[in-house]
Each structure stands twice: as structure tokens, then as C-alpha cells.
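Participant: The structure's right below; bear with me while I get my questions together.
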Amino acid sequence: MSAQTPGGTGRRVLRIRSLYDIPRDELFISGHGLCAGCTAGTIMRMLTKVAGKDSIIVNATGCVEVSTTRYPYSNWLVPWFHSAFENAGASASGIARALEVMKRKGMMPKDKDVKVIAVAGDGGTVDIGLQSLSGMLERRDPVMYVLYDNEAYMNTGIQRSGATPYHAWTTTTPAGKVWRGEWRTKKDIAMIVEAHRIPYVATANPAYPMDMINKFAKGLEVLDEGPSFIHVLMACTTGWRFDPALGITISRLATETGVFPLYEIDHGNFRVTFPVAKRKPVSEYLKLQGRFAHLTPQEIEEIQKLVDERVAEINKMAGKEVIGPVEYPK
Amino acid sequence: MSGTAAVVEKPKTYWVAPISYPAPASSGKTGLWRTERPVIHLEKCVKCLYCWLYCPEDTILRREDDYVYVDYDYCKGCGICAAVCPTNAIDMVPEGGES
């Protein structure tokens, strides 16, 4: 089991070593309206399994919100709250403070450990909800913030967001003769959050579930010191234009090509959790997705250069070469 | 196990705020969306549980002995289970016609 509090310390310890340690109980049940092949389902299942029954999910508007809680039903077996697009951080911090007050006034047992988890998409985090997220981090409210990043506003019809990568097609950055998809680079939200000096920041990928689950558990473990933030890549079958069966394959390629490196910053200590000895060329990742179908070889070269720069930056922060050079197939 | 834990007693007080209650199938029987059906060949299954782990739908159900079966009421037929299966024990069979 993941969530166990040893006698009196109040600290949770990581116990998930293998797949058989993951709880069997499902707290995010089937019958939701997410697209077939949407990896958000995988992420939310794992998140609720780690968090357990004693947790409160605060959801910003987004794919997960609209498709899992059609009135009057809900797919969550844990308390769940939604109020608006821009205030997942503020709502979560209010709920965390209310729990504190209720404990003080004796309305709930003092030793009851209730975790508040904010779940938001990339639009609700990097664009619209950035102010409430920043305020929450600044106030050091005990909330774990999980960003599922599908790199555009997929729910409303694939409009670009601050997290859309360079040269990606969206409906508001079309690909033609003049416009070649998105011309701005992706906002590095994990580093923006890290600049608030919170206890735990990590990036995770549903293709590496053990890594992701342990990051969720660690994020919940540090909550008595302050907030934590997990940035999860979520391959979107509708917006990225790929076959629904390939969601996990593409997520895995994102890490293997160095597009989405997996790291954690635990109390300021930077560590790459998934070292890649030989990177695959970025074209392997791009060619499976319809949103990059318009790219010419020069444009793929440009993206490769951006990824190389980012990898060099990561290696510099780690102090050694953890993500290796590109190995082109012979 | 999906569906079994979903019985939640409604509180007797009258709620002014709109509150959704947990129930499977908030979007109906999503199995109707399916165009291809996963069929598991248990003789090839090595109980690695990757399909159960990666299934976004929670429709791959685990038996006590860790063999898996599919909940066809809710399976949307995305094919992730077949894509991640290391022994190719899951086939995607088109729906309709002869079974």
C-alpha cells in the first residue's frame, strides 16, 4: 500500500516498489466521457489510487472536469469540487484552510489526515490559472497541484495555449504557407513553479507509471511543509491527431527523445529520475502525430535544436550527462 | 472493482448547491462507442498487468489470481491494452457481424 503513516510522525512513506503494491480499489470509476484512448483516465486512476479515500480533489475547468461529472452523476468516489476555470489554486487553498479551522474548532478529529489535491489542465494552469497557482504557492498552502498537460485547449476545440510546443498545429495556429503552426515556444511551467521555492516539483509521464506514482506519493508526503507541484504530460488523441491506441507509445517517445525529460526537484535538489543513455531523434516522436504532419526537414531540425538546448540545460543542472546524445538509426 | 463501490447513500438534508453523486456510467454505457473489441487470449497472458495499469477506462478487471478480463459495458475500444501488451495476448476484433 502507498499511504501509510508510521506511528505519530504524520509523514507518509513510499511503499510502492512494484506493480503488485498498487491498490486494487478504483476510486475513479468507468463510464466517464473522456475520449477513447485519453491518457487522462490513466493519470486520474493512478492519482486517486495513491491519494486514497481521505482526499479532496479540486478541479479546474477542463477535459477531466466536463467529462467525468455530468450532473447529477460523478465518476469520482472521493469528494470533488469545481468552481471556475481560473481559480483551482485559490479554491484548493481555501479548502485546505477550512480543514485547518475545522480541526481547531473540533469539528473533525485533529489527527485525521486529509489531502487536498488540485487537478488542472494546461490552460487552467499556465494561462488562466497562473495567478491563483502562484498565490497558492506563495502562501505555502498544503495542496498538491497536478497539471495534466495536453498542450492546448482540447476541450473547447484545440485552441493554442501557453503550453503548445513550437510548430504544432492547432485551430488558432493553422499550418499553411504563411503560418507554420505555433511560432512561440512552450512555457516551462515546472521551472516557473520552482522559482517559488516550494518543497517538491516534478515532471511525470503516464508511460512510466511507477515513476509517476512515486512522485504523486512524494508530493503528498511533503504537504506538511508546503505545496507540491507535479507536471504530467498527457497525450491527447483528438488534438494531437493520432490513433487512440498510441497514447502510451507517444508518451514514452516524448521522454526517450528528450522532448519531455523526467526530473524532480526535492527541496532544491535536482535529480533526473529517468536517465536516457542514447536519445532517439525527435522525428520519431513527431512523425506519429498529425499536428506535426506539415513539418519540413528544416523545421524538424529547428525543433531538434531546441530539444538539444533544453537537454544541455538539464545536464548542466544535474551536473553530469544524464541524458545522452542523439543516436540516429542506421 | 468498478461499479461495486459506487453505492453511496444520499444525505437526507436538502442541498441547495448542485451536487453530483458517484455512479458508474455518468456518460452512459460507453461500450456503445466501441468499433473494435479487445479479446484476451489467456493462454498467452503472463500476468504482467500492463493492460490493467494503462487502461484509461478501468475496464480491464483483475481476478484474484491476477488474470484479467474486460468489462465490455464500458470499454471504448481504444486499443491501448493491445498496444502495451508484451506478449501480444490481446487482439482487437472489429465489432459487428460474426463474433
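Participant: Please enumerate the residues belonging to the range B:24-50 that are surrounded by fewer than 16 Cβ atoms within 10 Å (Cβ to Cβ) and either in contact with a His (Cβ under 7 Å, 6 or more places away or on another chain) or small (Gly, Ala, Ser) (or both).
Facilitator: Of everything in the range B:24-50, just one residue is surrounded by fewer than 16 Cβ atoms within 10 Å (Cβ to Cβ) and either in contact with a His (Cβ under 7 Å, 6 or more places away or on another chain) or small (Gly, Ala, Ser) (or both), namely B:Gly28.
Participant: Can you pull out every residue in the range B:2-39 that is closer than 20 Å to A:Ala36 by Cα and either part of a loop (DSSP other than H, G, I, E, B) or modelled with pLDDT under 65 (or both)?
Facilitator: B:Ser2, B:Gly3, B:Ala23, B:Pro24, B:Ala25, B:Ser26, B:Ser27, B:Gly28, B:Lys29, B:Arg34, B:Thr35
Participant: Further question on the same structure: Can you tell me which residue within the range A:238-275, out of those that are out of contact with any Leu (no Cβ under 8 Å at 6 or more places or on another chain) and hydroxyl-bearing (Ser, Thr, Tyr), is nearest to the other protein chains (Cβ to nearest Cβ)?
Facilitator: A:Thr238
Participant: Pick out the one residue from B:Leu42, B:Leu53 that is at pLDDT 90 or above, of a type in the set (A, V, I, L, M) and assigned to a loop (DSSP other than H, G, I, E, B).
Facilitator: B:Leu42
Participant: Which one is surrounded by the fewest Cβ atoms within 10 Å (Cβ to Cβ), of the residues in the range B:56-69 that are within 11 Å of chain A (Cβ to nearest Cβ) and outside any loop (DSSP other than H, G, I, E, B)?
Facilitator: Step by step, filter the range B:56-69, then rank; the result is B:Arg62.
Participant: Another question, then. Would the range A:223-237 turn up any residue that is away from chain B (no Cβ under 14 Å), surrounded by fewer than 22 Cβ atoms within 10 Å (Cβ to Cβ) and farther than 20 Å from A:Ile189 by Cα?
Facilitator: Yes, there is a match, as at least one residue in the range A:223-237 is away from chain B (no Cβ under 14 Å), surrounded by fewer than 22 Cβ atoms within 10 Å (Cβ to Cβ) and farther than 20 Å from A:Ile189 by Cα.
Participant: Restricting attention to the range A:254-267, and to residues there that are farther than 15 Å from A:Val311 by Cα and over 15 Å from the mean Cα position of the chain (by Cα), which single residue is surrounded by the fewest Cβ atoms within 10 Å (Cβ to Cβ)?
Facilitator: Of everything passing the filter in the range A:254-267, A:His267 is surrounded by the fewest Cβ atoms within 10 Å (Cβ to Cβ).
Participant: Next question. Which of the residues spanning the range A:121-173 are among the aromatic types (Phe, Trp, Tyr) and buried (at least 24 other Cβ atoms within 10 Å of the Cβ)?
Facilitator: A:Tyr145, A:Tyr148, A:Tyr153, A:Trp169
Participant: Looking at the range A:197-217, can you tell me whether even one residue there is away from chain B (no Cβ under 14 Å), within 22 Å of A:Tyr263 (Cβ to Cβ), surrounded by fewer than 23 Cβ atoms within 10 Å (Cβ to Cβ) and more than 18 Å from the chain's Cα centre (by Cα)?
Facilitator: Scanning the range A:197-217 turns up at least one residue that is away from chain B (no Cβ under 14 Å), within 22 Å of A:Tyr263 (Cβ to Cβ), surrounded by fewer than 23 Cβ atoms within 10 Å (Cβ to Cβ) and more than 18 Å from the chain's Cα centre (by Cα).
Participant: Could you grab the pairs with beta carbons closer than 8 Å, sequence gap of 6+ or different chains, first residue in the range A:304-330 and surrounded by 11 or more Cβ atoms within 10 Å (Cβ to Cβ), second one hydroxyl-bearing (Ser, Thr, Tyr) and in a loop (DSSP other than H, G, I, E, B)?
Facilitator: A:Leu306/A:Tyr166; A:Leu306/A:Thr185; A:Val307/A:Thr257
Participant: Let me ask something else. If a residue must be of a type in the set (A, V, I, L, M, F, W, C) and more than 22 Å from A:Glu65 (Cα to Cα), how many such residues does the range A:135-173 contain?
Facilitator: The number of residues fulfilling the criteria is 3.
Participant: Might you check whether a residue that is surrounded by 20 or more Cβ atoms within 10 Å (Cβ to Cβ) and closer than 19 Å to A:Ile43 by Cβ occurs anywhere in the range A:91-98?
Facilitator: yes
Participant: For the range A:245-330, list the helices (runs of 4 or more DSSP H) that sit wholly inside it and hold at least 2 residues that are in contact with a strand residue (DSSP E or B) (Cβ under 7 Å, 6 or more places away or on another chain); which are they?
Facilitator: Because the criterion is at least 2 residues that are in contact with a strand residue (DSSP E or B) (Cβ under 7 Å, 6 or more places away or on another chain), the helices (runs of 4 or more DSSP H) in the range A:245-330 that meet it are A:247-256, A:297-318.
Participant: Still on this model: Those residues that are part of a helix (DSSP H, G or I), over 27 Å from A:Phe242 (Cα atoms) and within 7 Å of chain B (Cβ to nearest Cβ), I need them from the range A:19-61; list them, please.
Facilitator: Hit for the range A:19-61 is A:Leu19, nothing else.
Participant: Answer yes or no as to whether B:Thr35 is touching a residue at least 24 places away in the same chain (Cβ under 8 Å), more than 10 Å from the chain's Cα centre (by Cα) and either away from every other protein chain (no Cβ under 11 Å) or farther than 22 Å from A:Ser67 by Cα (or both).
Facilitator: So B:Thr35 does not fit the description; no.
Participant: Which one is surrounded by the most Cβ atoms within 10 Å (Cβ to Cβ), of the residues in the range A:68-85 that are over 25 Å from A:Lys218 (Cβ atoms) and more than 7 Å from chain B (Cβ to nearest Cβ)?
Facilitator: A:His82
The values are calculated or read from the model by the stated rules, or taken from the named source; none is laboratory data. All values derive from a computational prediction rather than experimental measurement. As a convention, Cβ positions derive from the backbone with ideal geometry for all residues, glycine included, and neighbour counts pool all protein chains shown.
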